[in-house]
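Q: Sharing a structure with you now.
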């Protein structure tokens, strides 16, 4: 969001969409006028971040906003640099585990499973994002005519991909295809969204199995109806590689089932186990049922915490 009016907030982004959306979500919850500052770190900064000093960036000059929000390690040298050249007039918020002392920022948010401690640290079970009742309503109205001929009930099927924690082996891809087939056999109409990390063979497999069946499939081309899916679905079936995707389906108040994939990360395993123990999510086995769970909105929690701090935000609202 860029206009002729000076922004209240800069979002420092290295181009990682998940990180960027976390920051946008907090800025939107605070109802701030924000501008996204895309950074282009050198190869050295890319390697040594969160350490290092960035080169001068023509986009990062006075006048400075009241608040800076960033996420992702490559943004950290820039956030620290802005704080320094603005003589600490910018209130800096870092989302995620900075891997350096938290007193480099005015406020740090990190998920519970990162177990970060500090006087200026807050934590939540789920991760922040852009999901809000306003956004879901807007996206539902925007895409409504695209789903009119597709029978209900709708199931958001969100497919991630290979990461350090998940292999997406051939066997696991077959398991995903089998689970989607089972969901269709149960009477659900899948609204499927893949990601840039989704294996091509899995995308082809999904395309083959949904031929001739009611569905909507976003394969990465054109505009993404992701938030519209969350707005109109009755439940969700999600690969467990993305903490953000799982958080967003839960913030959207969707009963959420996860595909049974092997996790190599203790952190993410802890996150998933906690969600399962506290009845937020269920592993998909034979059925998908609507169930109740405690509502949870980390984005609102973070925004409310920022408002309580004595910051320049007091003069915005």
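The values are calculated or read from the model by the stated rules, or taken from the named source; none is laboratory data. This one's a predicted model, so the numbers in the text were calculated from it and none came from an experiment. FYI the Cβ positions are ideal-geometry reconstructions off the backbone, even for glycines, and counts take in every protein chain you see.
Q: Would you check if residue 313 is modelled with pLDDT under 95, touching a strand residue (DSSP E or B) at 6+ places or on another chain (Cβ under 9 Å), crowded, with 16+ Cβ neighbours inside 10 Å and assigned to a helix (DSSP H, G or I)? Break it down stepwise before answering.
A: Numbers: modelled with pLDDT under 95: yes; touching a strand residue (DSSP E or B) at 6+ places or on another chain (Cβ under 9 Å): yes; crowded, with 16+ Cβ neighbours inside 10 Å: yes; assigned to a helix (DSSP H, G or I): yes.
Spelling it out, residue 313 is indeed modelled with pLDDT under 95, touching a strand residue (DSSP E or B) at 6+ places or on another chain (Cβ under 9 Å), crowded, with 16+ Cβ neighbours inside 10 Å and assigned to a helix (DSSP H, G or I).
Q: Okay, moving on. List the strands (runs of 3 or more DSSP E) inside the stretch 125-233, counting only whole elements, that have at least 2 residues being under 25 Å from residue 279 (Cα atoms).
A: Working: elements: 154-158, 189-193, 216-218.
The strands (runs of 3 or more DSSP E) meeting that bar are 154-158, 189-193.
Q: With (1) closer than 15 Å to residue 125 by Cα; (2) in the same structural domain as residue 177 (by TED's automatic domain parsing); (3) in contact (Cβ under 8 Å) with a residue 12 or more places away in the chain as the list, and residue 273 as the residue in question, which single condition is left unmet?
A: Condition (3) is where residue 273 drops out.
Q: Considering only residues that are in contact with a strand residue (DSSP E or B) (Cβ under 8 Å, 6 or more places away or on another chain), surrounded by 23 or more Cβ atoms within 10 Å (Cβ to Cβ) and within 20 Å of residue 178 (Cα to Cα), which ones fall in the stretch 207-241?
A: If the condition is that a residue be in contact with a strand residue (DSSP E or B) (Cβ under 8 Å, 6 or more places away or on another chain), surrounded by 23 or more Cβ atoms within 10 Å (Cβ to Cβ) and within 20 Å of residue 178 (Cα to Cα), then 236, 237, 238, 239, 240 are the ones that fit.
Q: Give me the pairs: first residue in the stretch 180-194 and under 12 Å from residue 235 (Cα atoms) and in the same structural domain as residue 146 (by TED's automatic domain parsing), second residue in a helix (DSSP H, G or I) and at pLDDT 95 or above, beta-carbon distance under 9 Å, and six or more apart or on different chains, which are they?
A: Matching pairs, first to second residue: 190/180; 190/183; 190/184; 190/206; 191/228; 191/229; 191/232.
Q: What's the total number of residues in the stretch 278-292 that are within 26 Å of residue 178 (Cβ to Cβ) and surrounded by fewer than 17 Cβ atoms within 10 Å (Cβ to Cβ)?
A: To start, the set of residues in the stretch 278-292 that are within 26 Å of residue 178 (Cβ to Cβ) comprises 279-291.
This time we only want the ones that are surrounded by fewer than 17 Cβ atoms within 10 Å (Cβ to Cβ), so: 279, 283, 285-287, 289-291.
Qualifying residue count for the region: 8.
Q: So if I check each of 70, 15, which one is within 22 Å of residue 97 (Cα to Cα), touching a strand residue (DSSP E or B) at 6+ places or on another chain (Cβ under 9 Å) and surrounded by fewer than 16 Cβ atoms within 10 Å (Cβ to Cβ)? Explain how you work it out, then say what you get.
A: Values: 70 fails: surrounded by fewer than 16 Cβ atoms within 10 Å (Cβ to Cβ).
That would be 15, the only listed residue that is within 22 Å of residue 97 (Cα to Cα), touching a strand residue (DSSP E or B) at 6+ places or on another chain (Cβ under 9 Å) and surrounded by fewer than 16 Cβ atoms within 10 Å (Cβ to Cβ).
Q: Tell me which residues, restricted to the stretch 159-172, are surrounded by 20 or more Cβ atoms within 10 Å (Cβ to Cβ) and either more than 23 Å from the chain's Cα centre (by Cα) or over 30 Å from residue 148 (Cβ atoms) (or both).
A: Step one: list which residues in the stretch 159-172 are surrounded by 20 or more Cβ atoms within 10 Å (Cβ to Cβ), which gives 159-160, 166, 168.
Once the filter is applied, which keeps residues that are surrounded by 20 or more Cβ atoms within 10 Å (Cβ to Cβ) and either more than 23 Å from the chain's Cα centre (by Cα) or over 30 Å from residue 148 (Cβ atoms) (or both), the stretch 159-172 yields 166, 168.
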